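Single-structure report; data block below.
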Amino acid sequence: MSTTTPATIDVEEVLAALTLEEKAALLDGSDFWNTTPIDRLGVPAVMVTDGPHGLRKQSGAADHVGLNDSVPATCFPPAAGLVSSWDPQLLHRVGAALGDECRAERVAVLLGPGVNMKRSPLNGRNFEYFSEDPLLAGALAAGLVQGVQSRGVGTSLKHFAANNQETDRMTVSAEVDERTLREVYLPAFERVVTTAQPWTVMCSYNRINGVYASEDPWLLTDVLRGDWGYEGLVVSDWGATNVREAGVAAGMDLEMPSSSGAGTRRILDAVREGRLSEADVDRAARRVLELVAKAQPALTEPAEPFDVDAHHALAREAATAAAVLLKNEDAILPLAPTGGRVAVIGEFARTPRYQGAGSSQVNPTRLDAALDALTAALPDREVVFAPAFAIEAEEADPELVAEAVAAATSAEVVLLFLGLPASYESEGYDRAHMDLPAQQVALVEAIADANPDVVVVLSNGSVVTLDPWRDRVKGLLEAWLGGQAGGAAIADLLTGAAEPSGRLGETIPVHHEDNPTVGNFPGERGVVRYGEGLLIGYRWYDAHRLPVAYPFGHGLGYTTFAHEDLAVTVEADGAAPRVVVETTVRNSGPRAGTETVQVYVADPAATVFRPEQELRGFARTVLEPGATARVRIELDARAFAYWDVSRGRFVVEGGAFEIRVGASSRDIRATALIELSGEDLLPPLAPDSTVQAWLDHPRAAGWIRDRIADHPFGGMLFDPTHGEMMRAIPLVRIARFPGSPISESDIDDAVARFGA
Ligand code: BGC
């Protein structure tokens, strides 16, 4: 017998040697964060841990809601910030760093990223999610997953699916029609699965159209594996399991945390009573073993400590890319290195709000405050500070306000740090409204009265109302939750040491009441109805021609860009078109900078309802002043397709499509019209198809004309006043009219000839 432990287990060999009891035990965790080992066969336990933007490995008392401490780890910006980079390569690098931290701590799987859609700004967990747009969310999350997994560590794509609120998150039923699921709520998951194969997918707590995600064979097997080709393991969200045996049959492989044997007993009883097949247990056990085997190489190598300084520097770079410069009137930014006094006002400058509460809460290796970083970055300017408010206080403190107003009055420029208190947004509950605390809004007015040169810096995990006070300030930097180096990144951006390059991944509406979910969020009596259907985020604001504070895709820098010479080429036509979009970007301003070219597709002639335009591609380019770059973006069939409910698949309908290229969803710089042939999508004819449908059908049109349209009886079909009404009558009912020239059996014959 060999004395050396093999690097990885042989999955099939182990599976064949396992007893039914051992297989069932493998499908349950052994504690809060570890899988169950099978010592007799050399199967180790592997550790999984939150996630997503830093490691939260608990060495002491365990919980999954952020209560107990964890080992120090780099806190990168949460997804709400990372998304504004529109940069999958950056996410790949952040992912690789996270993977290295996992390796150092012997963690096999990082529990993230979360790609749920930002349906309402009030979702308390929006800070952990990317976008209101599925393409952007999916592309960036895929970068992160590839980065982590390039280090031999797994990820957990979560929370699958339709978990778009925290109110009643454990039980609420999201009532969503299938087309909306397929076009809005599932594609980010689909993209990550098909392009990055995350080692695990975490099912969500909620129900979808009445069925718990943890027990939904349609979701976990038909869609995830059948349609998308998923090869990894499905794990429950922590405590998402109800009827364990139903979960195993549906494709929910691993229950976490440990159910202390309850799940195992149910599985064994169900197999013994013939309610669950042993093959289903084998399938899930194989997936757990495959996960262990994938994790083993990294776990058996000596643990290398990670480079704390390098990761902090990367967190700073990421936070810089995450911030979005929303407004910069009179070029108030960047701050000059010399000049009059700078008043830094607001407690957030000294006490950063840099991450959200709950299971993703990281114990950072260090923490940069913007106040310190600004003071250091402006050695030749006097920097004074006034806290102005206590972050969690609802009532203004008159003394603190008076001190802040005095500081503003005596300064040349004011940097005003505002944001959401931690208690406003967290895992586990939703926000009550979209506003900043009232005392902060009153503060902006007081400071703007004292000094016309005000720049507001915001720290929040999801959008806040900016109107009407944004008109009173000259500069506005949305810094999101910037992670542990967010403070230094803010100083880099305000002073121009770094160029603002972030673009909004979510629309900032003027009022919360403009949002599509009003009336349908967070639902009632256990049900939330996705009544707005496809019209999430900008899709809604565009459809309703609503003004917004800042549109999806918006973001300024300290330079300007021109977009020139748009060329759109149809490289392949038919059912699977391929279209290439090329445009030249020229840095027309004074500084080096980054432009993000965004491609939106509109389908004005569709026979089904379609959003006004949808993001279908994007690319970043970094340019020196005066420099140009030819940017190329490829669009595949999905850029033009919709989910056809009757066929149960995506289809490309032929016709004209408009390609819109620009710098934001409402800053389109050039458009081009293309014609695609699409696929043959003749609607099937039936006896109750309308006369119009028969007339529109290329093969049946001649027949229907001969039989009734050109018959004296049919005269009224084209009468200018009544024709439209008549043509809307199902053909079979025409057959019943007195004197009708066709019979029901004629129609049955015609259906047989032309119907399909
Ligand atoms: C959260 C997950 C998290 C898990 C483990 C759950 O409450 O919804 O996102 O990964 O706990 O902490």
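Scan segment 251-270 residue by residue and report those that are surrounded by fewer than 18 Cβ atoms within 10 Å (Cβ to Cβ), in a loop (DSSP other than H, G, I, E, B) and without any contact (Cβ under 8 Å) to a residue 40 or more places away in the chain. So that I can check it myself, show each step before the final result.
Taking segment 251-270 first, the residues surrounded by fewer than 18 Cβ atoms within 10 Å (Cβ to Cβ) are 260-262, 265, 269.
If we keep only those that are in a loop (DSSP other than H, G, I, E, B) too, we end up with 260-261.
S260, the sole residue that qualifies.
Residue-wise test of (1) open to solvent by 40 Å² or more (accessible area, probe 1.4 Å); (2) within 16 Å of the ligand (Cβ to nearest atom).
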{"position": "V308", "(1), (2)": "yes, no"}
{"position": "A313", "(1), (2)": "yes, no"}
{"position": "A321", "(1), (2)": "no, no"}
{"position": "L326", "(1), (2)": "no, no"}
{"position": "F348", "(1), (2)": "no, no"}
{"position": "G356", "(1), (2)": "no, yes"}
{"position": "I391", "(1), (2)": "no, no"}
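From the list G483, G519, which residue is part of a loop (DSSP other than H, G, I, E, B), farther than 27 Å from P547 by Cβ and either open to solvent by 30 Å² or more (accessible area, probe 1.4 Å) or in contact with a His (Cβ under 9 Å, 6 or more places away or on another chain) (or both)? Spell out the reasoning first.
Working: G519 fails: farther than 27 Å from P547 by Cβ.
Every option except G483 fails the conditions.
Which of the following residues is open to solvent by 20 Å² or more (accessible area, probe 1.4 Å) and within 44 Å of the chain's Cα centre (by Cα): S665, S646?
Of S665, S646, the one residue that is open to solvent by 20 Å² or more (accessible area, probe 1.4 Å) and within 44 Å of the chain's Cα centre (by Cα) is S646.
Of everything in segment 228-242 that's open to solvent by 20 Å² or more (accessible area, probe 1.4 Å) and either free of Cβ contacts under 8 Å to residues at least 12 places away in the same chain or in contact with a strand residue (DSSP E or B) (Cβ under 8 Å, 6 or more places away or on another chain) (or both), which residue is farthest from T49 (Cα to Cα)?
Of everything passing the filter in segment 228-242, N242 is farthest from T49 (Cα to Cα).
Among the listed residues R283, R287, R225, identify the single one that is open to solvent by 40 Å² or more (accessible area, probe 1.4 Å) and more than 16 Å from the ligand (Cβ to nearest atom).
Details: R287 fails: open to solvent by 40 Å² or more (accessible area, probe 1.4 Å); R225 fails: open to solvent by 40 Å² or more (accessible area, probe 1.4 Å).
Step by step, each of R283, R287, R225 is checked, and only R283 is open to solvent by 40 Å² or more (accessible area, probe 1.4 Å) and more than 16 Å from the ligand (Cβ to nearest atom).
Check I490 against each of (1) more than 30 Å from V344 (Cβ to Cβ); (2) touching a Ser or Thr at 6+ places or on another chain (Cβ under 9 Å); (3) open to solvent by 10 Å² or more (accessible area, probe 1.4 Å) and name the one condition it does not meet.
(1)
Tell me, which residue of segment 717-733 that is open to solvent by 40 Å² or more (accessible area, probe 1.4 Å) and either under 12 Å from V691 (Cα atoms) or of a type in the set (G, A, S) (or both) is modelled with the lowest pLDDT?
Let us first name the residues in segment 717-733 that are open to solvent by 40 Å² or more (accessible area, probe 1.4 Å), namely 718-722, 724-725, 727-728, 733.
Cutting the leftovers down to either under 12 Å from V691 (Cα atoms) or of a type in the set (G, A, S) (or both) gives us 718, 724-725, 727-728, 733.
On the way: F718: 86, E724: 93, M725: 93, R727: 93, A728: 95, R733: 95.
My answer is F718.
Considering only segment 170-191, state which residues are open to solvent by 20 Å² or more (accessible area, probe 1.4 Å) and either within 16 Å of the ligand (Cβ to nearest atom) or assigned to a loop (DSSP other than H, G, I, E, B) (or both).
Result: M170, T171, D177.
Write out, first by first residue and then by second, each pair whose Cβ atoms fall under 6 Å of each other, whose residues are 6+ apart or on separate chains, and whose first residue, in segment 368-383, is surrounded by fewer than 19 Cβ atoms within 10 Å (Cβ to Cβ) while the second is in a loop (DSSP other than H, G, I, E, B).
Cβ pairs passing all conditions: D380/P337; D380/T338; E382/R341.
Report yes if A62 is part of a loop (DSSP other than H, G, I, E, B) and open to solvent by 10 Å² or more (accessible area, probe 1.4 Å), otherwise no.
Working: part of a loop (DSSP other than H, G, I, E, B): yes; open to solvent by 10 Å² or more (accessible area, probe 1.4 Å): yes.
Yes: the conditions hold for A62.
With the requirement that a residue be in contact (Cβ under 8 Å) with a residue 12 or more places away in the chain and not in a loop (DSSP other than H, G, I, E, B), what does segment 459-480 give you?
From segment 459-480, those in contact (Cβ under 8 Å) with a residue 12 or more places away in the chain are 459-467, 469-470, 472-480; that's our starting set.
Within segment 459-480, S459, W469, R470, R472, G475, L476, L477, E478 qualify.
Please enumerate the residues belonging to segment 703-733 that are part of a loop (DSSP other than H, G, I, E, B), closer than 20 Å to E744 by Cα and of a type outside the set (V, I, T). Break it down into steps so the answer makes sense when it comes.
Filtering segment 703-733 for residues part of a loop (DSSP other than H, G, I, E, B) gives 710-711, 719-722, 728-729.
Those left that are additionally closer than 20 Å to E744 by Cα: 710-711, 728-729.
Once the filter is applied, which keeps residues that are part of a loop (DSSP other than H, G, I, E, B), closer than 20 Å to E744 by Cα and of a type outside the set (V, I, T), segment 703-733 yields D710, H711, A728.
If only one of V83, V94, V48 is surrounded by 24 or more Cβ atoms within 10 Å (Cβ to Cβ), of a type outside the set (G, A, S) and within 16 Å of the ligand (Cβ to nearest atom), which one is it? Outline the logic, then answer.
On the way: V83 fails: within 16 Å of the ligand (Cβ to nearest atom); V94 fails: within 16 Å of the ligand (Cβ to nearest atom).
Going through V83, V94, V48 in turn, the sole match is V48.
Could we say that R736 is open to solvent by 40 Å² or more (accessible area, probe 1.4 Å) and free of Cβ contacts under 8 Å to residues at least 12 places away in the same chain here? Give the steps one after another, and end with the answer.
Numbers: open to solvent by 40 Å² or more (accessible area, probe 1.4 Å): yes; free of Cβ contacts under 8 Å to residues at least 12 places away in the same chain: yes.
So R736 passes the test.
So is V43 farther than 30 Å from S131 by Cβ and surrounded by fewer than 24 Cβ atoms within 10 Å (Cβ to Cβ) or not?
Details: farther than 30 Å from S131 by Cβ: yes; surrounded by fewer than 24 Cβ atoms within 10 Å (Cβ to Cβ): yes.
So V43 fits the description; yes.
Select from segment 288-329 the residues that are of a type in the set (A, V, I, L, M, F, W, C), touching a Phe, Trp or Tyr at 6+ places or on another chain (Cβ under 9 Å) and not in a helix (DSSP H, G or I) and list them in ascending order.
To start, the set of residues in segment 288-329 that are of a type in the set (A, V, I, L, M, F, W, C) comprises 288-289, 291-293, 295, 298-299, 303, 306, 308, 310, 313-315, 318-319, 321-326.
Next, only the ones that are touching a Phe, Trp or Tyr at 6+ places or on another chain (Cβ under 9 Å) stay: 291, 295, 314-315, 318-319, 321-326.
Scanning segment 288-329 gives A323, V324, L325, L326.
Just the residues that are within 16 Å of the ligand (Cβ to nearest atom), under 12 Å from F189 (Cβ atoms), in contact with an Asp or Glu (Cβ under 9 Å, 6 or more places away or on another chain) and not in a loop (DSSP other than H, G, I, E, B), please, taken from segment 108-149.
If the condition is that a residue be within 16 Å of the ligand (Cβ to nearest atom), under 12 Å from F189 (Cβ atoms), in contact with an Asp or Glu (Cβ under 9 Å, 6 or more places away or on another chain) and not in a loop (DSSP other than H, G, I, E, B), then G114 is the only one that fits.
Kindly establish whether D748 is over 41 Å from the mean Cα position of the chain (by Cα) and open to solvent by 80 Å² or more (accessible area, probe 1.4 Å).
yes
For D100, indicate whether it is over 13 Å from the mean Cα position of the chain (by Cα) and either open to solvent by 10 Å² or more (accessible area, probe 1.4 Å) or not β-branched (V, I, T) (or both). Let's see the steps before the verdict.
Details: over 13 Å from the mean Cα position of the chain (by Cα): yes; either open to solvent by 10 Å² or more (accessible area, probe 1.4 Å) or not β-branched (V, I, T) (or both): yes.
So D100 passes the test.
Hey, does segment 449-457 have a residue that's crowded, with 16+ Cβ neighbours inside 10 Å and more than 36 Å from the chain's Cα centre (by Cα)?
As a first pass, look at segment 449-457 and keep what is crowded, with 16+ Cβ neighbours inside 10 Å: 450-451, 453-457.
Among the residues that remain, those that are also more than 36 Å from the chain's Cα centre (by Cα) are: 450-451.
Within segment 449-457, one or more residues are crowded, with 16+ Cβ neighbours inside 10 Å and more than 36 Å from the chain's Cα centre (by Cα).
Can you find, within segment 150-169, the residue that is surrounded by the most Cβ atoms within 10 Å (Cβ to Cβ) among those that are charged (D, E, K, R) and within 14 Å of the ligand (Cβ to nearest atom)? Reasoning before the result, please.
Here is the first cut: in segment 150-169, the ones charged (D, E, K, R) are 151, 158, 166, 168-169.
Okay, now just the ones that are also within 14 Å of the ligand (Cβ to nearest atom), so 158, 166, 168-169.
Details: K158: 27, E166: 23, D168: 19, R169: 23.
Once the filter is applied, the top-ranked residue is K158.
The values are calculated or read from the model by the stated rules, or taken from the named source; none is laboratory data. Only a predicted model underlies this, so the values are computations on that prediction, with no experimental measurement involved. Using ideal geometry, Cβ is built from the backbone for each residue, glycine included, and neighbour counts are taken over all protein chains shown. The protein model used for the area step is the full one, side chains on, heavy atoms only, and it has no ligands, DNA or RNA in it. Shrake-Rupley method; radii C 1.70, N 1.55, O 1.52, S 1.80 Å.
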